[in-house]
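Notes follow once the structure below has been shown.
The values are calculated or read from the model by the stated rules, or taken from the named source; none is laboratory data. Please read all numbers here as calculations on a predicted model, not as lab measurements. Note: ideal-geometry Cβ built from the backbone for every residue, glycine included; neighbour counts use all protein chains shown. To get the accessible areas, we keep the full protein, side chains included, count just its heavy atoms, and leave off ligands, DNA and RNA. Shrake-Rupley method; radii C 1.70, N 1.55, O 1.52, S 1.80 Å.
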Amino acid sequence: MIPELGHFALILALLVALAQGILPFPEIKKRSAILLFLLNLSAFSALMWAYIVTDLSVNNVAENSHTLKPFIYKIAGVWGNHEGSMVLWSLMLSLFSMLVALSKVQPETFKAKILSIQGLLATGFLAFILFTSNPFTRLLPAPVDGAGLNPILQDPGLAIHPPLLYMGYVGFSVAFAFAIAGLLEGKLDKHWAKAVKPWVLLAWSSLSAGIALGSWWAYYELGWGGWWFWDPVENASLMPWLLGTALLHSVIVLEKRDTLKRWVALLAILTFSLSMLGTFLVRSGVLTSVHAFAVDPMRGVFILGLLTLYTGGALAVYAWKANTLESKAEFSSLSRETTLILNNLFMATACATVLIGTLYPLLMEALNAEQISVGPPYFQATFVPLMIPALLIMGIAPFIPWKKGSFKSLTPRLKLPLLITIGTLPPLIWVMENNNGDETHPVGVWIGLGVALWLSITTITEWAQRTELKPDRIKSLPLSSWGMSTAHLGIAVALFGMIGSTLWLQEKVLLMKPGDVMEIGRYELKLKEVGSIFGPNYAADAAQIELKASGRKIDTLTPERRHYPVAQQGTTEAAIRKSWRDDVYVALGEQDTESREYWVIRAYVHPLVPYLWLGYVMIALGGFLALIGTRKKSA
Amino acid sequence: MKKNFLNMLPLVVFLALVISFATILLRPEKIEMMSKPMPPLTLKGLKTEDIKGPALINFFASWCTPCHAEHDNLMALSEKHKLPIYGIAYKDKRKDTDRYLKELGNPYKKIGRDDKGRAFIDWGLSGVPETFLIDADNMIRYHHAGVLLEEDVSATIMPIIQELETTDEN
């Protein structure tokens with residue numbers, strides 16, 4: 001009964017969304033937005049109910065859940081599959097629409113246009129769910145038990161990764177709707193920017209946190225010993241992040257200086273379009289990758305249709321109305337505006353290179369050429385060089401005033417950070433190479449660590465000069481400034497982690513029998529034994545490995561190879577010993593089939609990788625701080 | 001005019017992308033057929049000259065659980081579709097193989113014994129089960145690693161055999 005109510009709520013939601021989209025009365029639109037959220041919430045709750053009680057007569061539950069599954073993963077199971085995740089997507093879309101309806105966005109005609117666009121977006125996605133991905137389809141007769149959640153997805157990090165990611169993706173729909181409404185009204189000015197900024201910040205911060213969690217999850221769960229693989233689905237989330245970063249910074253320019261109007265409109269349209277493209281790539285099976293859990297051509301065609309309608313429609317509005325936007329403000333070549341435009345150019349170009357690298361194999365296929373794949377070397381050769389100047393400028397930009405800066409006042413302020421960078425770089429490299437030895441990459445090391453040092457030192461110096469380190473000035477510093485400094489410093493901190501774990505990564509794979517010792521970096525790993533253990537819904541081989549650093553025993557690591565009998569699938573649970581210097585990462589591989597004595601043991605040492613996670617947290621936190629700042633100001 | 005074109009540009013680029021996506025999505029799926037000579041077989045019970053294609057060559061073992069899972073599909077292929085299947089028992093004791101086939105039925109026309117894993121290496125396997133489709137000229141036309149599901153049979157194996165038959169007639 002409850003699943004039928006959920007299904008019915010979705011059908012009603014479709015009608016309400018359509019009403020919100022096309023009826024011309026602002027008051028009805030507002031009420032529809034609220035009703036739409038409640039209906040979506042009912043559908044989502046009904047599905048969650050089916051998961052909690054493990055109602056196996058619901059096909060979606062039978063395919064993705066199991067009575068033995070731990071409670072929290074029953075709940076996370078709701079969005080751990082295609083249909084449920086689309087319901088979550090729709091729920092978030094309606095949440096944002098309701099928030100706009102309840103907000104003080106002015107004037108009413110402008111707000112009504114935004115709600116219309118959001119109603120039309122919701123209509124398309126609800127139709128997609130009802131016609132191609134209905135989560136409430138019944139299965140008769142009901143099976144004895146479910147097929148289990150994909151065991152790889154049974155992880156706390158993953159329980160909250162999709163909601164955050166979707167919050168980011170869907171959050172950009174607000175900026176998208178604002179841009180179209182602004183174009184139609186011919187009013188895309190500083191007031192528009194001030195109104196849209198909190199929404200962009202919310203989406204951007206959530207997306208940052210979502211990407212960070214995904215990266216963290218890949219590192220800890222997938223057992224591949226890396227945190228970024230240039231997988232198409234990762235790229236699909238990176239692209240809106242890059243454009244969203246550009247959007248965030250150009251919205252600031254528009255707010256302060258009433259310029260870059262057309263560019264901001266285009267960015268807002270493209271950022272959400274890339275979010276939809278991300279969904280399209282993952283859901284349609286156009287790109288196959290570990291992430292693509294729904295491969296159905298019908299769905300692909302439907303999403304492509306929606307994408308064509310929405311992005312094509314928005315770009316048509318842009319082509320028609322962009323001429324009506326006039327930007328008049330003038331600024332000199334050395335000004336905050338210029339640095340932010342450079343930021344935008346670098347972010348947009350980086351996004352384009354990722355887009356090309358992700359789509360190129362597809363386009364070649366469309367032209368019936370050979371199937372090729374584009375791997376990490378392409379991205380390292382194109383993306384990384386673009387980031388170096390972007391990060392260097394990022395360090396300087398906060399020092400430069402709006403409109404017109406001068407080298408005369410800039411140079412003395414940059415002298416100190418430059419001297420500190422030059423002074424600390426050689427000792428830092430010396431320490432790193434001494435600790436992690438072996439292979440070194442002289443040029444990469446100098447450039448990478450140089451940039452990371454420069455960015456962190458300039459960011460701290462700028463903060464210090466701004467507050468003059470006086471307690472009352474630190475206290476009165478606006479939250480938006482705190483946000484900027486935190487996020488920028490976060491980028492630098494994450495950069496240390498990325499560089500350390502890439503350039504000084506040590507990796508060893510050995511066949512070991514109990515008693516054998518592996519030496520890696522400053523560590524010694526001794527395999528004691530491999531035994532069997534049993535969890536709630538899996539059985540596992542678990543190795544006991546004694547970890548020694550500089551001859552002293554510091555820990556016992558127990559990597560596992562789990563087997564989930566219901567899902568007929570295995571996972572690798574790596575064991576990780578964390579410290580502020582590095583991570584030792586051990587994964588248990590296969591047993592040799594001949595003598596059954598030896599095990600494949602893979603070990604990595606990732607220097608500085610903890611700073612990557614710390615940096616991620618700071619980046620997202622910075623965004624949220626700035627968001628709270630905008631709310632405080634307007635209140 | 002130039003300005004107007006610039007404003008149109010994003011739309012034009014986007015539509016071009018949509019068209020290429022649509023071509024990929026709407027194109028009927030093509031099955032990748034290969035054409036590679038079959039490696040020689042010199043096993044006890046099964047030699048190269050025993051094999052008459054089109055046929056399947058199936059590596060299996062009684063101790064391998066996934067092999068149990070595909071057994072029904074092999075039985076259906078040999079009984080319903082009259083497709084000859086040659087089995088290669090990989091590192092399996094003779095009496096285990098016999099008991100296994102007695103219990104589940106024997107889909108194989110002939111069985112070779114790969115006790116030393118020689119054929120396993122020659123054929124480049126990564127595990128059992130794996131299945132090869134051989135045409136009338138003893139060329140490998142399709143290779144399937146892992147359990148052969150019902151949908152693999154209907155969506156891949158049977159279409160390839162039909163295509164091989166039609167090309168033979170020409």
Amide H within-cut-off set for B:GLY112, under 5 Å, with H built and near neighbours excluded
B:GLY87, B:ILE88, B:ALA89
To the nearest 10 square angstrom, what accessible area does B:ASP122 show with a 1.4 Å probe?
60
Sort chain A into rounded, prolate or oblate with this rule: let a ≥ b ≥ c be the square roots of the eigenvalues of the Cα gyration tensor; rounded if a/c is under 1.5, and if a/c is not under 1.5, prolate when a/b is larger than b/c, oblate otherwise.
oblate
Can you list residues whose amide H is under 5 Å from A:THR259's amide H, if they're 5+ apart or on another chain and H is modeled 1.01 Å from N?
A:LEU254
Sort out for me the Cα centre separation of the stretch A:61-103 from the stretch A:570-621, rounded to whole Å.
30
At a probe radius of 1.4 Å, what is the per-residue accessible area of A:SER409, in Å² to the nearest 10?
60
For the stretch A:406-504, how big is the tail of P(r) above 23 Å, as a whole percent of Cα pairs?
37
A:ILE533 versus A:VAL517, label points 7 Å from Cα toward the beta carbon: distance in nm?
2.5
Zone residues, the stretch A:113-140, relative to A:LEU309, backbone N less than 11 Å from point 7 Å out along Cα-to-Cβ
A:120-129
Need one value for B:4-13: mean number of C-beta atoms belonging to other chains within 10 Å of its residues' C-beta atoms.
5
Just B:LEU83, B:LEU43, B:LEU104 to compare: in a GNM of chain B, with alpha carbon springs under 10 Å, which one fluctuates most?
B:LEU104
Please state the relative contact order of chain A as a whole percent: Cα pairs under 8 Å, 6+ residues apart?
12
Using DSSP to define loop residues, name the GluC sites (Glu not before Pro) in the stretch A:35-132 whose beta-carbon has at most 16 other beta-carbon atoms within 10 Å.
none
Pull out the extension gain between A:GLU185 and A:LEU477, defined as 0.36 nm times the separation in residues minus the alpha carbon to alpha carbon distance; nm, one decimal.
101.5 nm
Is the stretch A:504-635 best put as rounded, prolate or oblate by its Cα gyration tensor, with a ≥ b ≥ c the root eigenvalues, rounded for a/c under 1.5, and otherwise prolate when a/b is larger than b/c, oblate when not?
oblate
Residue-level accessible surface for A:VAL144, protein heavy atoms, 1.4 Å, Å²
140
Using a probe radius of 1.4 Å on heavy atoms only, what accessible surface per residue do you get for the stretch A:210-273? Whole Å² is fine.
22
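Based on the Cβ-Cβ distance from A:ILE460 to A:MET387, what FRET efficiency comes out when R0 is 25 Å, to the nearest 0.05?
Here the calculated transfer efficiency is 0.75.
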Amide H neighbours of A:TRP402 at under 5 Å, excluding residues fewer than 5 places away on the same chain, with H built from the backbone geometry, are A:ARG336
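From other protein chains only, count the Cβ atoms within 10 Å of every residue's Cβ in A:265-272, then give the mean. Mind showing how you got there, number by number?
Details: counts 0, 3, 0, 0, 2, 2, 0, 0.
Counting other chains' Cβ atoms within 10 Å and averaging over A:265-272 gives 1.
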For a 29 Å ceiling on Cα separation, which of these pairs sit above it: A:LYS261/A:LYS475; A:LYS190/A:LYS470; A:LYS197/A:LYS578; A:LYS30/A:LYS190?
A:LYS261/A:LYS475; A:LYS190/A:LYS470; A:LYS197/A:LYS578
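Please compute, for peptide A:314-323, the average count of beta-carbon atoms on other protein chains lying within 10 Å of each residue's beta-carbon.
Other-chain Cβ atoms within 10 Å of each residue's Cβ, averaged: 5.
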Between the alpha-carbon centers of the stretch A:512-550 and the stretch A:297-355, tell me the distance in whole angstrom.
51
Pop the C-beta distance of A:LEU68 and A:ARG31 into the FRET formula with R0 = 41 Å and round what comes out to the nearest 0.05.
0.40
Among the helices of chain B (complete DSSP H runs), which have Cα atoms covering no less than 24 Å along the helix axis and a Kyte-Doolittle mean of at least 1.6?
B:2-26
Computed helical MRE - 222 nm, chain A, DSSP H runs ≥ 4 contributing -39500 (n - 2.57), nearest 500:
-22500 deg cm²/dmol
